[in-house]
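**Q** Before anything else, here's the structure in question.
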Amino acid sequence: MKKSILLIMLCLAQLLVAQNRQNTLWYRKPANDWNEALPVGNGRIGAMVFGQPWNETIQLNEESLWAGSKAPGDADAAARLPEIQQKLINGEVAEAIALSEKYLPSNPMRIRSYQSFGLLNIEMVSPMADKATKLSGYERNLHLPSGVATTSFTQGDVCLTREVFASAPDNVLVIRIAANKPGQLNLKLSYSRQQDAIAAPAPDNMLAIAGQIIDLPSQQTDKAGAHMKFGGLIKGVNKGGTLQAVNNSLWVSEADEVVFYVAMNTDYNFGELDFDRNISPADLCRQQIAQAAQYGYNEVKARHVADHGGLFGRVSLTLGDASQDNIPTDERLRAVKEGAIDPALVALYFQYGRYMLMDSSRRPGVLPANLQGLWCQDMNAAWNSDFHTNINIQMNYWPAEVCNLSETVQPFSDWIDKLREPGRATARKTYNAQGWTVNHVSNPFGHTAISDGVGWGTFPIAGAWLVLHQWEHYQFTADTDYLRTTAYPCMKEAVEFLLSFMVEDKEGHLVTAPSNSPENTYRLPNGQQFKLTYGATMDVEIITELFEACLKACKVLKMDRGFSKQIQQALKKLPPIKIGKRYDTIQEWIEDYEEVEPGHRHMSHLFGLYPGTIITPANKVLFDAAKRTIDRRRKYNEDPKTRQGSYTGWSRAWLINFYARLLDGEEAGANVQALLGKSTQWNLFDSHPPFQIDGNFGGTAGIAEMLLQSHAGELHLLPAIPTAWGTGEVSGLRARGGFTVDMKWTDGKLTEATIHADRSQKCTLRYNGKVKTIRVDAAKPYQIKDF
């Protein structure tokens, strides 16, 4: 009878959980590989949780654990640059590239990789004498609002639960394992790493990890040697039974519950953009463990949930049928891949993007989110899991402001600011210019030089693009102190670089040279193919955005009138955005070249549509040309024989944002569907392939852009929602000017909107072709029920 009552209670508990699965990824089976595991993080440390019942794997990361060392290596090409520039402008491209290949390459030419911190393995002994007794009630889940990953299952009458979370307030990873009956836990937690680390017993039955990255000689990378030091400390606290440290493991016997606190640190010094032998990872670990342990599990978890939930809970989104949340996430995704429409899964994907941005870019972290955010299982990751600055790191932060996660921009902005020092050397030595810049790739050591080849790596416009994110932060927050002390100094130096780097072409326009349209190739009439050029359209669009932003900043700050005049004069001399005669589309290059890959994944010449702001319905000629440009791109990249672009996840995500800006809800929605159906893995990670987090963040930004836009000087409500999102509600989205917006809609029609303002001010609203100007009091939100 008692056993029957227990089973009934278990069933009721599971039912209650099932009724509250909104914003939860959940599965009925463990992860088979890393791309099915679930991520937790606190901005600095993270883990991937597999959810295996008896032989659990938890893969670890610490944001600053990178191979390599500080090695500027800028090419000393300033004296040869004018010749290269002139040859490009004269059309002597082959000669210009020959000179560029000789004088522009940096030394070293490549950077090394972000690395995994290692693995935790938790080997558990079945509590049942009959090990053949089947498991029941297995579930693993990630509850986004609390940031806790849970694995639970029952064997016989014993229920086992594991919880994992990464606490920002206490700066540790926490693992709790518990059974519903006393004395049932017999397990061994072990640490291992593929290379460069050991684990050994430490006082008080702790496990200490010590490591140092040994970089072997590698062609075109920085010098070999003993580089980054790192360390970890794992403390176990058991209720009942015993716990002891043995070899590389903590051994728990006959316990009721055990909690492991995991600290991870390196000797990286962000202030120096380098490792620092005055920093002791072991000392940092001891301090963090001591703090967490003094609070105890319940308080550490409560502190974590309050902190995490305070950020996550700012935005809510409801789409479609909430009952879909009671279907396991992989089953829902499989149905979408087979053609089903699941708006509630779109809402979950949106919130998952917010969750991962929070967990990969916030304090206590100091570095921005990389190509994989925070989570990387490799020693030599794809593209080094680096900071790619020709769209990828920028895309990481597209959702930050509109999705009410402004704090996530702080590490990114600080890193941009720190790049100025090495970037000045790159500007001076390589580009014969003042100010600062960076090229297409960077790392925690402040790498700003040309990398990975001249054709791919020459991207001197990257610094200008990066600082636009700092301007964006100001636009959403209206924080003039931030503008004065952080954003504007970075922006001004980026403008100084451009003013001293650009040269006049034969038409008298100011152009960048050398330049490229990221990773794309053009064909000359004689059949020659090149990447390097001058005055690429993307450059013109980025420069226009930055010049105009800088002029506005000067006006806000009431300073630098003389500098403003210089910018105004240069702005008039920029080349126009051209529509080519060849295909009636926006030209990607300053000449109407033939495209080698007409379906290329990068759509750089549409920067002005998104994330830029200069291609809007107000300029109908460019707006219509942008539509045609996308149509042509898709014609090639969605043909199975020539598929070249949008089947990379991040490129598809960019299309969502493009169509949102084009006010085409049906196409935007179709591309959200395609992103889920073709470029999303079972744990909802984006697939480039392999995993690249920018697709998640770009997709999240695109969904927000479909709901609210504010780039054109007005708040445009529900500008691009598809029919499939007929009924829904959203709260907490942010708009430029310091507004927060809540909305409800039924059958695609806005039924209610509430506008909150950080400070009392006027704003212009647009909905369904109607425009009205209102005044919003900071103390009293403005409500609309009949637009």
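The values are calculated or read from the model by the stated rules, or taken from the named source; none is laboratory data. Since this is a predicted model, take the numbers as computed values, not measurements. Methodologically, a virtual Cβ is constructed for each residue, glycine included, from the backbone with ideal geometry; neighbour enumeration extends over all protein chains shown. In case anyone asks, the SASA skips ligands and DNA or RNA and just uses the protein heavy atoms, side chains included. Shrake-Rupley method; radii C 1.70, N 1.55, O 1.52, S 1.80 Å.
**Q** Please state which one of 430, 426, 389 is in contact (Cβ under 8 Å) with a residue 60 or more places away in the chain, among the hydroxyl-bearing types (Ser, Thr, Tyr) and under 12 Å from residue 466 (Cα atoms).
**A** Step by step, each of 430, 426, 389 is checked, and only 389 is in contact (Cβ under 8 Å) with a residue 60 or more places away in the chain, among the hydroxyl-bearing types (Ser, Thr, Tyr) and under 12 Å from residue 466 (Cα atoms).
**Q** What number of residues in segment 241-269 are open to solvent by 10 Å² or more (accessible area, probe 1.4 Å) and of a type in the set (A, V, I, L, M)?
**A** Final tally of qualifying residues: 3.
One line per residue, one yes/no per condition, for (1) assigned to a strand (DSSP E or B); (2) within 30 Å of residue 347 (Cβ to Cβ):
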site: 119; (1), (2): yes, no
site: 123; (1), (2): yes, no
site: 127; (1), (2): no, no
site: 140; (1), (2): yes, yes
site: 198; (1), (2): yes, no
site: 201; (1), (2): yes, no
site: 218; (1), (2): no, no
site: 222; (1), (2): no, no
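**Q** Further question on the same structure: Filter segment 509-523 down to the residues that are touching a strand residue (DSSP E or B) at 6+ places or on another chain (Cβ under 7 Å) and open to solvent by 10 Å² or more (accessible area, probe 1.4 Å), then identify the one that is farthest from residue 488 (Cα to Cα).
**A** Ranking the qualifying residues of segment 509-523, first place goes to 523.
**Q** Starting from segment 745-760, take each residue that is among the aromatic types (Phe, Trp, Tyr) and list its partners that are open to solvent by 50 Å² or more (accessible area, probe 1.4 Å) and not in a strand (DSSP E or B), counting only C-beta distances under 9 angstrom and pairs at least six apart or across chains.
**A** Listed by first residue and then by second, the contacts come to 745/727.
**Q** Further, regarding this structure: Looking at segment 298-321 only, could you name the residues that are over 30 Å from residue 238 (Cβ atoms) and either at pLDDT 95 or above or loosely packed, with under 13 Cβ neighbours inside 10 Å (or both)?
**A** The answer is 310, 311, 312, 313, 314, 315, 316, 317, 318, 319, 321.
**Q** Which is assigned to a loop (DSSP other than H, G, I, E, B), under 30 Å from residue 320 (Cα atoms) and at pLDDT 95 or above, of 574, 609?
**A** Going through 574, 609 in turn, just one is assigned to a loop (DSSP other than H, G, I, E, B), under 30 Å from residue 320 (Cα atoms) and at pLDDT 95 or above: 609.
**Q** Does residue 238 meet the test of being open to solvent by less than 40 Å² (accessible area, probe 1.4 Å) and either in contact (Cβ under 8 Å) with a residue 12 or more places away in the chain or in a strand (DSSP E or B) (or both)?
**A** No, not satisfied.
**Q** Residues to consider are 747, 758, 742; find the one that is modelled with pLDDT of 95 or more, of a type in the set (Asp, Glu) and more than 32 Å from the chain's Cα centre (by Cα).
**A** The match here is 747.
**Q** Could you grab me the full set of residues in segment 510-525 that are assigned to a loop (DSSP other than H, G, I, E, B) and closer than 19 Å to residue 597 by Cβ?
**A** Matches in segment 510-525: 516, 517, 518, 519, 520, 521, 524, 525.
**Q** Just a yes or no: is a residue in segment 689-705 modelled with pLDDT of 95 or more, part of a strand (DSSP E or B), farther than 30 Å from residue 766 by Cβ and within 23 Å of the chain's Cα centre (by Cα)?
**A** Yes: segment 689-705 contains one or more residues that are modelled with pLDDT of 95 or more, part of a strand (DSSP E or B), farther than 30 Å from residue 766 by Cβ and within 23 Å of the chain's Cα centre (by Cα).
**Q** From the list 657, 637, 619, exactly one residue is over 17 Å from residue 395 (Cβ atoms) and buried (at least 21 other Cβ atoms within 10 Å of the Cβ). Which is it?
**A** Being over 17 Å from residue 395 (Cβ atoms) and buried (at least 21 other Cβ atoms within 10 Å of the Cβ) holds for just one of 657, 637, 619, which is 637.
**Q** Is at least one residue of segment 651-669 part of a strand (DSSP E or B), touching a residue at least 12 places away in the same chain (Cβ under 8 Å), charged (D, E, K, R) and under 30 Å from residue 38 (Cβ atoms)?
**A** There is no residue in segment 651-669 that is part of a strand (DSSP E or B), touching a residue at least 12 places away in the same chain (Cβ under 8 Å), charged (D, E, K, R) and under 30 Å from residue 38 (Cβ atoms).
**Q** Do you know which of the residues in segment 493-508 that are buried (at least 17 other Cβ atoms within 10 Å of the Cβ) and not hydrophobic (A, V, I, L, M, F, W, C) is nearest to residue 421 (Cα to Cα)?
**A** Looking at the filtered set, the residue picked out is 493.
**Q** Given the criteria buried (at least 20 other Cβ atoms within 10 Å of the Cβ) and in contact (Cβ under 8 Å) with a residue 24 or more places away in the chain, does residue 713 qualify?
**A** no
**Q** Looking only at residues that are assigned to a loop (DSSP other than H, G, I, E, B) and of a type in the set (A, V, I, L, M, F, W, C) in segment 743-787, which one is most open to solvent (accessible area, probe 1.4 Å)?
**A** My answer is 779.
**Q** Another question, then. Can you name the residue in segment 526-541 that is of a type outside the set (D, E, K, R) and not in a loop (DSSP other than H, G, I, E, B) and is also most open to solvent (accessible area, probe 1.4 Å) among such residues?
**A** Once the filter is applied, the top-ranked residue is 529.
**Q** Considering segment 162-196 alone, what residues qualify as being part of a strand (DSSP E or B), open to solvent by 30 Å² or more (accessible area, probe 1.4 Å) and farther than 27 Å from residue 279 by Cα?
**A** 176, 186, 188, listed by residue number.
**Q** Scan 448, 544 and give me the residue that is buried (at least 24 other Cβ atoms within 10 Å of the Cβ), within 26 Å of the chain's Cα centre (by Cα) and of a type in the set (Ser, Thr, Tyr).
**A** Going through 448, 544 in turn, the sole match is 448.
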